[in-house]
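Below is one structure; the comments refer to it alone.
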Amino acid sequence: MNIIVGFPFYFIYQKLSALIAALVLLVVSCDEMNIGSPEGAEIIDQHRYVLFEYDVTSQGVTNDGEYFYFSGSTNMSKACMKTGRIFITSTNAIPEELEEKGCNHIGGLSYYNGYIYAAIEDGPDYNNSFIALYDAETLEYSGIYYEVPHELHLEGVPWCAVDVERGYLYTAEWTNATVLNVFDLETLELVKLVPLSQPIDRIQGAEIFDGILYMSCDEENDMKRIFTLNPETGVVEECFKRNIGKQFEAEGLTVFTDENGEPVICVLDRGERRASVNLTYYKIAE
């Protein structure tokens, strides 16, 4: 026997189901709120994103001093740096012409001159890697993209970082990176390769501060360290250990200055159950 549910009851059922699902997801993600104490730094703040906000914050992050800009796998968003509140989202943000080339993933971001530079790739084949530009005010695609050399990105292009002072844009291979790829910022033509003093594995995001490249790595252990890299000499050094546990996947990174001009390093982490994203603020220990 078929039972026809009246509209008022069906509407209530929909709302109740959505509420229950939201509550379950929040409960599941509660164990993803806290992380261990870092070594060589201190945690000074944290924002947490769940439900729909997870889908627009789970990959990359950058800032312009006033706003955070995030990427999800195929989405983007913009948030107030003071509150962490998201107020603009862009879903299905991968340009159609790049989708036609198989692109399905937005990775790390970098801000420069009113544009968001976004690393976009076609995993898991990684035959096509691009840097696409988005209007920072609206998050709309600008119509500008650049292809990066496949021989330098056999595992895609997970991140990019703009160096305004030197006029460069940087990328590197995702696993076992042995060189820093240096592109001209205006043309994105390859300028040089800088050999690294040691290989770096699983780089998820990077950003320049005071001439030094800070990098977030998703190492396959609890530490998920932050490294620094001198783009001129290639010298790699450990900055601090985050000690966040294997239940988190380290994602993008951004840096801004505090009232004393010191760097505050913000790192995105996805919870193991993919229920939440933490944006954690670190200050390097003196």
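The values are calculated or read from the model by the stated rules, or taken from the named source; none is laboratory data. This structure is a prediction, so every number in the text was calculated from the model and none was measured. With ideal geometry, Cβ positions are generated from the backbone for all residues, glycine too; neighbour counts draw on all protein chains shown.
Structure values in brief
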{"read-out": "Y146 vs. criteria surrounded by 18 or more Cβ atoms within 10 Å (Cβ to Cβ), part of a strand (DSSP E or B) and not basic (K, R)", "value": "no"}
{"read-out": "Failed condition for L180, given (1) under 24 Å from Y126 (Cβ atoms); (2) modelled with pLDDT under 95", "value": "(2)"}
{"read-out": "Test result for Y111, touching an Asp or Glu at 6+ places or on another chain (Cβ under 9 Å), surrounded by fewer than 19 Cβ atoms within 10 Å (Cβ to Cβ) and under 23 Å from P158 (Cα atoms)", "value": "no"}
{"read-out": "K224 being in contact (Cβ under 8 Å) with a residue 12 or more places away in the chain and at positive phi", "value": "yes"}
{"read-out": "Within segment 68-84, tally of residues that are under 17 Å from the mean Cα position of the chain (by Cα) and surrounded by fewer than 19 Cβ atoms within 10 Å (Cβ to Cβ)", "value": "4"}
{"read-out": "Subset of segment 215-260 (residues that are outside any strand (DSSP E or B) and within 14 Å of the chain's Cα centre (by Cα))", "value": "D218"}
{"read-out": "Residues of segment 114-143 classified as in a loop (DSSP other than H, G, I, E, B) and touching a residue at least 12 places away in the same chain (Cβ under 8 Å), total", "value": "12"}
